Amino acid sequence: MKCVRCRARAEVQLRAHNAAYCRPCFLFVFRRQVERAIDSERMFTQGERLLVAVSGGKDSLALWDVLADLGYDTTGLYVGLGIGVYSDVSHAKVVAFAERRGLPVRVVTLEDEGGGLAVPTVAGLTRRVPCSACGTMKRHWFDTAAVEGGFDVLVTGHNLDDEAARLLGNVLRWQSDHLARQRPVLPATHPRFVRKVKPLFLTSEYETAVYAFMCGIDYIVEECPNAAGATQLLYKDLLNRLEAASPGSKLAFVKEFQRTGQPAFAAAPRESPNDCERCGMPAYGTLCAYCRLVEEVGRKAAARAGAPA
Ligand code: SF4
Ligand SMILES: [Zn+2]
Ligand SMILES: [Zn+2]
């Protein structure tokens, strides 16, 4: 197999793109794909301050690596979720990467913030699926860190596989509000929000894994222990089977949704949020999802301790 750019021996085959590349050409094409996503979606410009949410996994670290190489002003954000060894190892990987590249990183540890509520405690007390509690908490601390740090943009490493799985989940239940908001760029719609962007939304998990491997990025290989039962994984598995039989399906699914479906959902009138009475973040009702969760945890913890709920 030969590289489609330079005819040298290819090391990577990308069936979705009907292409194969040698190592230097793959690295070039990967970076160019990220750059094109940033430019075509007008995600951000040089001079803006980017907060890059990093989990210690391949996607977010590969993205941070590319953004730093492209000369953007980046700061990493690591949110420690309190998920045992997984959190300890992922934290260490992020700090080691930041030190090696000489990049600044902010660390928010949930045990030390807002009442010391880590994901396992919250999930256990509220009997929620860990990923649901985790999602609400991560979103809250990402938004808080971005606004309080004076950043212009919050960048996340969601890749094509994540976006396709999320889209499938949203479509299966026709969640029109979620479909209207599933975009690679979410403008700052509230004073407590900054713009949110996903430069890897058209880049597959396989491509980021190859990039991280070729660049020698040391990332956490183990999945979060809560990932095993997550519905997201079931959707990913289904989509992988589809992709194997029909290469390019995921790309078409996400790309065409962004071109035709998403604008139609976004055009429908929607209720605008209030300000949360407690933290000032957008809320449908008096409290935002995070403050409602914290309140529920307080009630349940009190009930468990035998105090009146
Ligand atoms: S798998 Fe679930 S609990 Fe684990 S980090 Fe992801 S969202 Fe959080
Ligand atoms: Zn080549
Ligand atoms: Zn709130």
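The values are calculated or read from the model by the stated rules, or taken from the named source; none is laboratory data. Owing to the predicted nature of the structure, the values given are computational and were not obtained by experimental measurement. Methodologically, a virtual Cβ is constructed for each residue, glycine included, from the backbone with ideal geometry; neighbour enumeration extends over all protein chains shown.
A compact table of results
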{"item": "Criterion violated by ALA264 - all others in (1) closer than 22 Å to VAL185 by Cβ; (2) touching a Ser or Thr at 6+ places or on another chain (Cβ under 9 Å); (3) without any contact (Cβ under 8 Å) to a residue 12 or more places away in the chain satisfied", "result": "(2)"}
{"item": "Candidates HIS178, HIS190 - the one that is more than 16 Å from ligand 3 (Cβ to nearest atom) and either closer than 30 Å to ARG278 by Cα or of a type in the set (Asp, Glu) (or both)", "result": "HIS178"}
{"item": "Among the residues listed as ASP218, ASP275, the single one being of a type in the set (Asp, Glu), over 30 Å from GLU35 (Cα atoms) and either within 16 Å of ligand 3 (Cβ to nearest atom) or in contact (Cβ under 8 Å) with a residue 60 or more places away in the chain (or both)", "result": "ASP275"}
{"item": "Qualifying helices (runs of 4 or more DSSP H) (wholly inside region 232-309; at least 3 residues being crowded, with 17+ Cβ neighbours inside 10 Å and under 20 Å from the mean Cα position of the chain (by Cα))", "result": "249-256"}
{"item": "Helices (runs of 4 or more DSSP H) within region 1-110 that include 3 or more residues away from ligand 1 (no atom under 16 Å from the Cβ) and among the β-branched types (Val, Ile, Thr)", "result": "23-40"}
{"item": "Evaluation of PHE30 against (1) assigned by TED's automatic domain parsing to the domain that holds LYS255; (2) surrounded by 14 or more Cβ atoms within 10 Å (Cβ to Cβ); (3) more than 16 Å from ligand 3 (Cβ to nearest atom) (one fails), failing number", "result": "(1)"}
{"item": "Hits in region 169-186 (condition: more than 15 Å from VAL254 (Cα to Cα) and either aliphatic (A, V, I, L, M) or without any contact (Cβ under 8 Å) to a residue 24 or more places away in the chain (or both))", "result": "ARG173, TRP174, GLN175, LEU186"}
{"item": "Index of the failed condition, LEU103 passing every other in (1) under 30 Å from LEU293 (Cα atoms); (2) at pLDDT 95 or above; (3) out of contact with any Lys or Arg (no Cβ under 7 Å at 6 or more places or on another chain)", "result": "(1)"}
